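Report on the structure given below.
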Amino acid sequence: MTVPTIVLKYGGTSVATAERWQRILERAAALAPTHRVWITISALAGVSNRLDAGVDAAVAGEVEPTLTAVRDAHETLADALGLTDDERAGMRGLLQDLRDLLSGIALVREASPRLRARVMSFGELASTALGIAVLRRAGLDAVRVDARDLLTTADSPDLPDATRLLDARVDPRHDPAAADALAGSARVVLTQGFLARTPDGHTALLGRGGSDTSAALFAALVGAERLEIWTDVHGLFTTDPRALPGARLLRRVRYREARELAAMGAKVLHPRCLDPVAPQGIPVEIRNTLDPDGPVTRIGPDGDDEPAVLAVVARRGIPLLTVRTLAMWGAPGFLAKAFEVLARCGISVDLVATSQSAVSVTLDHVPDGLDGAPMTRALRELTALGEVDVLPDRAVVSIVGRSIRAVLPTLGKSFGAFAEKQIHLVTASSEDLDLSFVVDPDEAPRLLRDLHGRLFGTGHTAPWLGPSWGRLTRPEEDATPAPRWWRARRDHLLELVADAQPRYVVDLGTVRDRAEALRDRLPHVGARFYAMKANAEPAILRTVVAAGMGLECVSANELRHAREAVGPEVPILFTPNFCPVDEYRAAFETGAEVTVDGPDVLRLAPEVFRGRPIALRLDPGLGLGHHEKVRTAGARQKFGHPMDALAEMKAVADGIGATVVGLHAHVGSGVLDPNPWSDTARTLLRAREVFDAVQWVDVGGGLGVVERAGQDPLDLDAMDRALAEVEGLGDVELRIEPGRYLVSEAGVLLLPVTQVRKKGGVTFVGCAAGMNALIRPALYGAWHGIHNLTRLDDAPGEPVDVVGPICETGDILGRGRHLPTTHPGDVLLVENAGAYGVVMASRYNLRTPPEQVVLEPQ
Ligand code: LLP
C-alpha cells in the first residue's frame, strides 16, 4: 500500500451507540481519500467487565444472565444501527461460541486463564463484527482483520499463565508487508484492541490500557503517519479537570513528558502505550469524539525545549515510611540494608529522601496491604535498623514538567501556596521531570488548587497551553468573553421574529465600539477603511464613517452602494480581483483610489489607467487565516503580484504614465496573532526600492474575533506595538482595511425552530434557515455559538445537531451542541453572524434570504 496510514483508536463508549458510530464513519470518510484508515476498537462499554464477571459466574454454575446481558448490548446497538439479520450473523455466531465456552466452564466449575482470555476476547471480536457491517454499509471499502494474526506476545514461557495470557506484552515491530498481506488493498481496516496471540497459538489479552497499546503497536507495524486516540476528553490537562475545571488542555508534549503525566495519574493514556510509537517518532493525538474539530493534545518527538511546568497532580492514599537512626551518620550500608529489606518483602518504593539521620520513602505497592504479613515482616526487620514510623494515608502533590529544576526560580511566588502546610518530604526526580511534596491528605486539595491557580491561572500563556476544561465543556457559555449585547435585548429580539421568519439583527452600538477601538488603540495606523464586503448595511457604513473610517470596495455595485450611503467625500479604496475593466473606470469616476493585481490589466486597457495614480496589490507569499479558503497569499492563490516581478510592473506603469502611489497586501482573514501586519508592512516597504512615489502602504484586513472557546482575542495593543517597530516608514501612511472585526460580534442570526426530530441516537433541531442564510459552517467548518434564546437560562440537555431546511447533507450549523431541551417554535440565536452572514446568503432552494434588522445604539 503506498498511501500513508492513520491509525484511529476508539474506546468502549465511543463504539457503544449509533450516534458514536456516525462519528467514526465521518472520520474514516474524511481520511480515506488520502490515507489508509486503520481503526482499532474496544468492546462495547461495560461488556468486558460483564464477561470477566461472567467467567466467575460460570464457575459458580450461572451462564444465562451473562449471555443475556451481552446479547442485549449488541442487539440493541444493531437495532439502533438498523443492521439486517445477515449483518448480525457474525456477531450471533460469536455469541454461540461464547455460550459453548461459558457452558463448558459451568460444567467443570473451573476456568483457566486460557479460557478466561477466550471469553474476554468475545467483546472485541463482537464489536468489530458489527462495526465492519456499519463501515461497509456507509460505502467504505473496509476489511476486518483479526488482531491476533498480527500481534504475537513476547512473554517468557516461564511466566505464570495469568500474566502470559491476561496481562501479556507484545514487542513492537515494523512490518507493513504483514499488514498488507491481511488487509489487501482495502482503504479502511477494522481490528480489535486488547487482543493478541501467544507464539503457541492461544488468545491473549494485553491487560489494562490494552486497546491504546494495541493501536500503538499497529501504528508501529504499519509505520503510520499518526495515531489518533479518540476518547471523551480533549487530551491531557494541567491537572485532573474533574477536580478543577480550570485545568488547561496541554496542546503538545513530548513522549517522555506524556509518559510522566500518565504515570502520575492522567488516566486518558496508559503510560505503556507510547513505547511502540516513540522509536519511530509517530505522533499521537488525543481527540474528543464529542468535539471532533476541537483542540487536541499532540504527543510527539518534537516539542518545546524551554523549561516549563506542565501539570500539578495529586495522588492520595500513599503510605509514608520513615526510619530514623543516629547510627546512620557515617554508617556505610544503612540505606542498602533498608532497601534490601523492602525489596525482599516485595514492597516497592516511589519517592525517597534521606537526611543524615533518617530515610523517608513513599510506598508504591505493598503486597496484602499495610496490615499484611509482608509489611509486618518488613517493619520488624527495619526496627533493627532504627526507629520506624508509618503514616498510612498521605497525599503526594507533584509539579510535573521538563527541566523542572531550571523552572525553580520562576516558581518563587507559587511556593507561597505551601505557607502553613506541613510537608513531610520533598523530592525531585532524577530525570528532572517532577518535583513532589508529601503532605497530609486534607491539605492536598487546597494545595493543588492554590498551586494550579498560581501556575496556570488566567493570564498564563504559553504555546502549549490550551483552553480550560470549563471552557471546552461549556463552550456556549464562554464563546465570546466580552459581555454580549443581545442578552440585555432578548425580549426585543424575540419580538422581532414573532412571525417565525429568520432574521439577522445588527447592533450598531457594538459596531461603533469596535470602530472606536481601532481608532484609539492603533495610533500607529494612519488610516482605516472598512471592508464592506463583510456587511454592506448602510447604517453600518455610516457608523464606521462617523468613527473616522473610509470604505474598501471590491465591485462596482459596492462602490455605488457606498456612495449612496455615505456621500461623495468619504475616501474609498477599490481593491477588486479579476473584475471587468469597466469597473475600474467606474471607480476612478467615483473618486476611489484604485488597486490592481499586476500589470496585465494595464496592458489590457491602458486608456483606463493612463496618467493616473494607482496602487499595486502584492503577494507577500505566505497566507494566513482561520481556514485555507480565506488565505489569500501564496503561489497558487489568485491575488496580487509576485514580489520578484516588480520591475515588470514598473515598466508597464511607466509606459502609460501611471504612477504607483500605494502598495497593498491582504494575506488572509480571521487572524488572532497580533504580528502578521507588521511583517506585511516590512515586505511591502521593500517594494519602495522600485516604486519611489509610494505614499501609503495598506497591510489589509483579516483582524480576527474570538469565535469559539480556547481562542484568545486579538490584542490590539500588541498589534500596535509590533507596527511601531516597523522601520523605514518615513512619511508613508500605514493603512488597514478590516471587515470582520467591526461587525462579526455585532450581528446575530435568529432562527425559529421548525421541527425537532430524533434519528439513530442523534437529536436534530431544525431551523427555518440554514446554510442558505449562513454558509460559514458548511464552507469553512466555522464554529458559531448557538443559544436557545427562548430558554436562555435553562440547563443544557442532551447534545443536539442544529440543522437548516436545505436539501444538502452539509446544511448543519452546529453539531453536538448543548442546548436546553428545545421545542418547535423556540428561537435559536447564532452568534458572530454579523460578518459574512447576510452578504453571503443565497436563494438556494428558492428560499428568501433573511432580512437584516438594525438596532440603534442604546
Ligand atoms: N481586504 C481584502 C482585500 C479582502 O479580501 C478582505 C476579505 C478584507 C480586506 C477584509 O477581511 P476581514 O477583516 O473581514 O477578515 N467569507 C470569509 C472571509 C473572506 C474574506 C475575504 N476577504 C469568512 O466568512 O470567514
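The values are calculated or read from the model by the stated rules, or taken from the named source; none is laboratory data. No experiment lies behind these values; they were computed from the predicted model shown. Please note: Cβ atoms are built from the backbone with ideal geometry, for glycine as well, and neighbour counts cover all protein chains shown. Heads up: the accessible areas ignore ligands, DNA and RNA and are worked out on the full protein's heavy atoms, side chains in. Shrake-Rupley method; radii C 1.70, N 1.55, O 1.52, S 1.80 Å.
Return the distance in nm (one decimal) between the two label points of a simple spin-label model at Asp149 and Ala539, each offset 7 Å from Cα along Cα→Cβ.
Simple spin-label model gives 6.8 nm for this pair.
Using the basic label-point model (7 angstrom from Cα toward the beta carbon), what is the Asp158 to Arg446 distance in nanometres?
5.3
Skip the ligands, DNA and RNA, and give the accessible area per residue of region 153-227 with a 1.4 Å probe, whole Å².
For region 153-227, the per-residue accessible area is 37 Å².
Can you work out the FRET efficiency for the pair Asp97 and Met643, with r the C-beta to C-beta distance and R0 = 56 Å, to the nearest 0.05?
Numbers: r = 69 Å, r/R0 = 1.23.
Efficiency computed from Cβ-Cβ geometry: 0.25.
Please identify the GluC sites (Glu not before Pro) of region 6-105 that satisfy two criteria: DSSP loop assignment and at most 14 other Cβ atoms within 10 Å. Which are they?
Working: sites: Glu19, Glu26, Glu62, Glu75, Glu87; in loops: Glu62.
Within region 6-105, the qualifying GluC sites (Glu not before Pro) (loop, at most 14 other Cβ atoms within 10 Å) are Glu62.
Let me cross-check Tyr255: its accessible surface, 1.4 Å probe, with only protein heavy atoms counted, in Å² to the nearest 10?
About 20 Å², rounded to the nearest 10.
Give me P(r) over the chain, computed from all C-alpha to C-alpha distances, binned every 20 Å, as integer percentages.
13, 35, 34, 15, 3, 0
Report the local net charge at Phe691: Lys and Arg +1, Asp and Glu -1, summed over other residues whose C-beta lies under 11 Å from its C-beta.
On the way: positive: Lys650, Arg686, Arg688; negative: Asp654, Glu689, Asp692.
Net charge around Phe691: 0.
Return the sequence-ordered ³J(HN,Hα) values of region 775-783 in whole Hz as given by the Karplus equation 6.51 cos²θ - 1.76 cosθ + 1.60 applied to θ = phi - 60°, using x for Gly and Pro.
8, 4, x, 6, 7, 10, x, 5, 9
Show His561, His627 ordered by accessible area, largest first, where the area counts protein heavy atoms only and the probe is 1.4 Å.
Working: His561 65, His627 40 Å².
Descending order: His561, His627.
Of the heavy-atom accessible surface of region 635-754 (probe 1.4 angstrom), what whole percent is carbon and sulfur? Please report the intermediate quantities before stating the final value.
On the way: 1990 of 4430 Å².
Heavy-atom surface of region 635-754 belonging to carbon and sulfur, 1.4 Å probe: 45 percent.
Ordered by residue, what ³J(HN,Hα) values in Hz, to whole numbers, does region 267-282 give under the Karplus form 6.51 cos²θ - 1.76 cosθ + 1.60, where θ = phi - 60° and Gly and Pro are x?
Coupling constants for region 267-282: 6, 4, 10, 7, x, 5, 6, 8, 4, x, 8, 4, x, 8, x, 7 Hz.
Lysine pairs, Cα distance under 29 Å, 8 or more residues apart or cross-chain: how many in the chain?
Lysine pair count for the chain: 9.
How much accessible area does Thr152 have with a 1.4 Å probe, in Å² rounded to the nearest 10?
Approximately 70 Å² for this residue.
From the protein chains alone at 1.4 Å, what is the descending order of accessible area for Lys758, Lys533, Lys638, largest first? Show your work: numbers first, answer last.
On the way: Lys758 145, Lys533 70, Lys638 115 Å².
Most to least solvent-accessible, the answer reads Lys758, Lys638, Lys533.
Applying 1/(1 + (r/R0)^6) with R0 = 51 Å to the Cβ-Cβ distance of Val853 and His460, what FRET efficiency is obtained, to the nearest 0.05?
0.80
Compute the signed sum of charges (Lys and Arg +1, Asp and Glu -1) over the other residues within less than 11 Å, Cβ to Cβ, of Gly797. Before the final figure, lay out the partial values.
Working: positive: Arg791, Arg817; negative: Asp794, Glu798.
Surrounding charge for Gly797 is 0.
Looking at the square roots a ≥ b ≥ c of the eigenvalues of the Cα gyration tensor of region 179-244, which shape do they give, rounded for a/c under 1.5, prolate if a/b is larger than b/c, or oblate? Numbers along the way, then the final one.
Working: a/c = 3.06, a/b = 1.59, b/c = 1.92.
The shape class here is oblate.
Carbon-plus-sulfur fraction of the accessible area of region 243-287, 1.4 Å probe, in percent? Present the calculation step by step, with values, prior to reporting the outcome.
Working: 890 of 1670 Å².
Carbon and sulfur atoms account for 54 percent of the accessible area of region 243-287.
Lys and Arg at +1, Asp and Glu at -1: add these up for the other residues within a Cβ distance under 12 Å of Ala358 and post the number. Present the calculation step by step, with values, prior to reporting the outcome.
Working: positive: Arg324; negative: Glu387, Asp389.
Summing Lys and Arg as +1 and Asp and Glu as -1 gives -1.
Assign one of three labels to region 784-858, namely rounded, prolate or oblate, based on the Cα gyration tensor with a ≥ b ≥ c the square roots of its eigenvalues; rounded applies when a/c is under 1.5, prolate when it is not and a/b is larger than b/c, and oblate otherwise. Can you show the working numbers first?
Working: a/c = 2.03, a/b = 1.19, b/c = 1.70.
In terms of gyration-tensor shape, oblate.
Sum -39500 (n - 2.57) across every DSSP H segment of at least 4 residues in the chain, then divide by the residue count to get the 222 nm mean residue ellipticity, nearest 500.
Numbers: 28 runs with 284 residues, N = 858.
Helix contribution divided over all residues of the chain: -10000 deg cm²/dmol.
Protein chains only, probe 1.4 Å: how do Glu225, Glu110 rank by accessible area, largest first? List each step's numbers first, then the result.
Working: Glu225 85, Glu110 120 Å².
Listed by decreasing accessible area, they come as Glu110, Glu225.
Which value, to two decimals, describes the C-alpha radius of gyration of region 66-150 once divided by 2.2 N^0.38 Å? Walk me through the intermediate numbers first.
Numbers: Rg = 14.2 Å, N = 85, 2.2 N^0.38 = 11.9 Å.
For region 66-150, the normalised Cα radius of gyration is 1.19.
Leaving out ligands and nucleic acids, and using a 1.4 Å probe, what accessible area per residue does region 699-858 come to in Å²?
Numbers: 6110 Å² over 160 residues.
Value returned for region 699-858: 38 Å² of accessible area per residue.
For a test of the definition: using alpha carbon positions, the gyration tensor, and the 1.5 limit on a/c, classify region 29-83 as rounded, prolate or oblate.
Details: a/c = 5.34, a/b = 2.22, b/c = 2.41.
Verdict is oblate for region 29-83.
To the nearest 0.05, how large is the calculated FRET efficiency for Ala53 and Leu846 if R₀ is 60 Å and r is the Cβ-Cβ distance?
Details: r = 60 Å, r/R0 = 0.99.
Result of the calculation: an efficiency of 0.50.
Roughly what % of DSSP beta bridges within the chain run antiparallel, to the nearest 5? Kindly include the intermediate steps, with their values, before the conclusion.
Numbers: 65 of 129 bridges.
Of all bridge pairs located within the chain, approximately 50 percent are antiparallel.
Using each residue's phi in region 691-698, evaluate 6.51 cos²θ - 1.76 cosθ + 1.60 at θ = phi - 60° and report the 3J(HN,Hα) Karplus result to the nearest Hz, with x for Gly and Pro.
Rounded to whole hertz, the list is 9, 7, 9, 5, 10, 8, 10, 10.
Keeping all protein chains in position, work out how much accessible area Ser403 exposes to a 1.4 Å probe, and write it in Å² to the nearest 10.
Only protein atoms counted, so the area is about 40 Å².
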